[in-house]
Amino acid sequence: MTLSSQLRLLWRRALGSPGFTLVSLAMLATGVGANVAIFTVVNAVLLRPLPVADSERLVILRHAAPGLVQLDELPMSDALYYLYASESRTLDGVAAIRDGQASFTGRENPQRVQAASISASFFDVMRTRPRIGRAFTAEEDRPGGAAVVVVSDGLWRSRFGANPDVVGRVVDVDGAATEIIGVMPAGFAFSRPPADLWLPIRLDPAATQLGAFGMTGVARIADGATLEQVRAELDALISNLVEILPDQPAAPVLASAGLRPLVDPAREVVVGDIEAALWILLGAVGFLLLIACANVANLHLVRSEARHGEAAMRAALGESRARLVASVLTESVALGVVGGLLALPLALLAVRLVVRFGPQALPRLDEISMDAWVLLFGFAVSVVAGLLFGILPAVRASAAATANMTAGARGGTAGRERQFARRGLVVVQISLALTLLVGSGLAVRSFGRLAAVDPGFDPVDVLTFGLSLPQRDYGTPEARLGFHRRLVERLRALPGAVDATATSTVPLGGESSGSGFSIEGRPLADGDVPPVFRTKLVSHGYFDTLRVELVEGRPFDPLDGERDASVVIVSQALADAYWPGESALGKGIRQGVPPEGEEQVWSRVVGVVADVHEIALHEDPPEMVYYPIPPGGGGGAGDEPLVPAAMRYAVRAANAAALAPGVREAVSELDPTLPIPEVGTLETLVALARGERAFVMVLLLIAAGLALLLGSVGLYGVVSYTVAQRRREIAIRMAVGARLADVRRLVLTEAGGLALVGAALG
C-alpha cells in the first residue's frame, strides 16, 4: 500500500469515527499547544541570541566585594572603565552605560523617554551601526562635547513619522538643544527597558572616582581569547589595584573589602534568575503531553480491538508484522501532526496572553514571538507524540493479528494483557498529574510566603511618578528645591489627597544607592572596611505618606534641611546592628571616612523607622539612612545643598486612581515645558516585585489542572469501558441477588485502586 493510498484510508477512517478523532485531536492539541507556547517563551528568552551581532562574545562587567556586606553586587566605576579599556588585552572594546530617563521634545509635546548615556565605544562593542546617520565620535563623548543624540527606530517612527531627513534636526533633550545624528536599526536593544535614545556619557579621565559604582560595563571578548582568560586577566588587574591606581583613595578600602571582577556572558545576565523556572515550566508541559499521549493510546487500544479481524486478514494475506506496526504508526503520526496543526492557534493565543499579562520584569518579554525554530519544535513534538501514543497499540495489534485467533486460552490471556495495558496507562496519567500538582503546590507555597512579606509600607491608594528637571531652567539647587516644594504643596491641595512627598527613590522602584559610612565612637583600624548603608533623600511627610512606622524619635520637619546641624533618620535594622540595647537618638553618623586631622562633622540621628524592603521582597530589608531635602549642615557639593534634578513623588489619596488627571494638571500648571509624567501606583510596584513567581505559579497551576482533567478523563474512560465489557457479568451478579450498591462498590473499588497506585507512584 502506497503512502498516498494509506493516507486516504486514514481519512475515511477518521470520518467514520468522528467521536474518536475529535477527542484524540482535542487532547493532542492541548498537550502540543502547551508545549509550543512554553517553548516559544524559552526560545525567545533563553535560546535566541541577543539582538546584537556576535552576541555570544559579549560579557557584562560587574564586581563583588564581600567586605561590603550591604552590597551583593557592584556595577562599574569610571576609573575601572578606563583601567579595563587601556590595560586589557583579552577584551576587544569596553563600553560604559548609564540607564535613565530624559525629557524629549520633538515635533510634539515633551515626553518622558528611556535614555541611555553611553561611551563612544558602545556601538563598536555592539558591532551595530545606525541605519541612518552615524554614531558618536570620541570628541563628542568628552566633557564639553557637542550636544548630539542617536534615536531608536521606534522613537524615529512614532515622533518623526520615519522621516529619512531626521538627521541634523535639533530637538530638546532635558532642556538642551541637541542634534540628532543617527537612527538605530529596528530591533536593536540592550537595556531593559529598551532605550529610546542614546546620549554621550562624557566621562572625564582626569576626574575619575574608583568608588563611584554607577554604570554598567559591557565588553567584547577579543578573537582568540576565552571567557576564562578574560576573568584571569581582570582578576590580576584588580589584585594590584592599589599599585595601579595609587591616587584613588578608595583603592585600599576596596582591596580590603575583597573587590573582585565578575565577568559573565551578557545573555546570562539579561536572563537572570528566570532560567530555571522556565525549564521547569517546559518540563511541566512535557508531563502534560505525556498524559495526553497516554489518553490517546488508551483510545487506540480500545479501537484496535474492533479491528483485530482486519489485522488478522492482512496477516493471513502475507503482510509482515513490521508492515502492520508501520501501518498503525503511520496512522498515529498522521493524527499527531494534525493535532499539532490544531495546536498552533492555541499556542499563538497563549503566547499573546503571556506577552499581554506576563510580568514586566520577565526579560526579553517584547521579543517573545514564534519563529521557524518554534514551528520546527512543534512539528517534532507532534511526530514524537504520534509515535508515543501509537507504539503500544501498534505492537498489540500486530501481536493479535499473528496469534492463533481460535485458541480460547490465548484469547483470554490477550484480553488480560490488553486490560493490564489500559490500566497501566491510567496509572501513568494519574502519577504524572499528581507530580505536577505537587510541583504547583510548592510554587503556590513559595508565592504565599512572598505575598505574606510585609513590605514595611502601605502601598494601597498611593500614586507615584517621576520628573527630571532640565539644567537649562533649574540649574541651581535653590531653583530645584523651590520646584519640588511647590509641586508637593500642589499635590497635597488636590481634592481627595491625604498627603504627598518627594523622594530620590520609591521602595521597590528598582533604584537604590549605597555609600560607606563612619560611626561616631567606632573608629576604623587600618585595613578595616567601612560599613555600607543604603541612602535616600526624602521631604517631610515621606513616612506619613507611605505609612512607614516611626519606632523612635520624630520624623523630619520642613526646617530640617535648612538648619546648620545635619540630621538623619535610620532604619530599625541599622539601629539594632550598631546601637543594640540602647537608643539611637543623638548618635553620630557620616558618609565616607574623614582623613586624619579633619574636623569630625556628624549627622545626628533624630528618628528610627521600621525596616522597608527597598530592593526586593525576597531579600532582607537593607540598613537605611534617610536624609532630608536638602541635607542640612552644608551637605552636598561644597557649600551647595544636595537637591537632585530627578525626583520621585508619592501622593496618598482616598481614591488614588481618580487623582491621576489632577496630578498631571498640577505638573503642567507649574511648568508646561515638562513632559507629562506617567503616573503609577505603589501597588503596581509591589505586584511587579511578586510578578515572576506569580507568573510561574499560575502557569504551573494551569498545567496541573489540565493534567488532572486529562487524568480524570482517562480514568473515566477505562472504568466505563470495563463496565461495558462486563455487562453480562454484572447482569448475572444482579440476577443472583447482588444489590446496585454492591455493583457500584465493585466499580469504584477498581477505579480507586488505580487512582491509589497512580498517587503512590506520583
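Derivation of every value follows stated rules applied to the coordinates shown; laboratory data play no part. Predicted model only: the values in this text are computed from it and were never measured. Glycine also receives a Cβ, built like all others from the backbone with ideal geometry; neighbour counts cover every protein chain displayed.
Fully extending the segment from R472 to A735 would add 84.7 nm, taking 0.36 nm per residue of separation and subtracting the current Cα-Cα distance.
Residue ranges 659-667, 264-272, 732-740 sort as 659-667, 264-272, 732-740 when ordered by packing (mean number of other C-beta atoms within 10 Å per residue, highest first). Couplings 3J(HN,Hα) for the stretch 80-87, derived from phi with the Karplus relation 6.51 cos²θ - 1.76 cosθ + 1.60 (θ = phi - 60°), are 5, 4, 5, 5, 5, 5, 8, 9 Hz, where x marks Gly and Pro.
Which length gain, in nm to one decimal place, applies between V242 and E678 when the Cα-Cα distance is subtracted from 0.36 nm times their residue separation? Mind showing how you got there, number by number?
Working: separation 436, 0.36 × 436 = 156.96 nm, distance 4.54 nm.
Working it through step by step, the gained length comes to 152.4 nm.
Placing unit charges on each Cβ (+1 for Lys and Arg, -1 for Asp and Glu) gives the stretch 470-673 a dipole about its Cα centre, and among H540, F483, V529 the Cα reaching farthest toward its positive end belongs to F483. Amide H contacts under 5 Å for A195: F190, restricted to partners 5 or more places along the chain or on a different chain, H placed in the peptide plane at 1.01 Å from N. Specify which residue in the list G161, S117, I244 is farthest towards the positive end of the charge dipole of the stretch 75-258, using unit charges on the beta carbon of Lys, Arg (+1) and Asp, Glu (-1), about the Cα centre. Farthest along the dipole direction, towards plus: G161.
Give the average over all directions of the projected area of the C-alpha convex hull of the stretch 470-673, one decimal, in nm². Display every interim value, and only then the final one.
Working: hull surface 51.9 nm².
Mean orientational projected area (the stretch 470-673, Cα hull): 13.0 nm².
Close amide-amide hydrogen proximity is noted between D264 and I60, R62, each under 5 Å apart and 5 or more residues distant or on a separate chain (H modeled in the peptide plane; Pro and chain starts excluded).
Computed from phi, the 3J(HN,Hα) profile of the stretch 435-440 under the Karplus parametrisation 6.51, -1.76, 1.60 (θ = phi - 60°) reads 4, 5, 5, 5, x, 5 Hz, with x in place of Gly and Pro. Ranked by the mean number of other Cβ atoms within 10 Å per residue, highest first, peptides 157-170, 644-657, 350-363 order as 644-657, 350-363, 157-170.
On full extension of the chain, what length is gained from A26 through D124, given 0.36 nm per residue of separation minus the C-alpha to C-alpha distance?
Gain on stretching A26 to D124: 30.2 nm.
Packing-based ranking of 492-498, 327-333 yields 327-333, 492-498, ordered from highest to lowest mean Cβ neighbour count within 10 Å. Modelled this way, with points 7 Å down the Cα-to-C-beta line, the labels at W279 and D366 are 2.9 nm from one another. Once the C-beta distance of A646 and R169 is scaled by a Förster radius of 25 Å, the resulting FRET efficiency is 0.45 to the nearest 0.05.
Calculated translational diffusion coefficient of the stretch 325-387 (10 °C, 1.306 mPa s; Stokes-Einstein with Kirkwood radius over alpha-carbon pairs) equals 121 µm²/s. Where Rh is the Kirkwood radius over the Cα pairs of the stretch 195-269, the temperature 4 °C and the viscosity 1.567 mPa s, what D in µm²/s does Stokes-Einstein return? The calculation lands on 88 µm²/s.
Using the alpha carbon gyration tensor of the stretch 75-258, what are the three equivalent-ellipsoid semi-axes (square root of 5 times each eigenvalue), largest first, in whole Å?
Numbers: eigenvalues 225, 64, 34 Å².
One finds semi-axes of 34, 18, 13 Å for the stretch 75-258.
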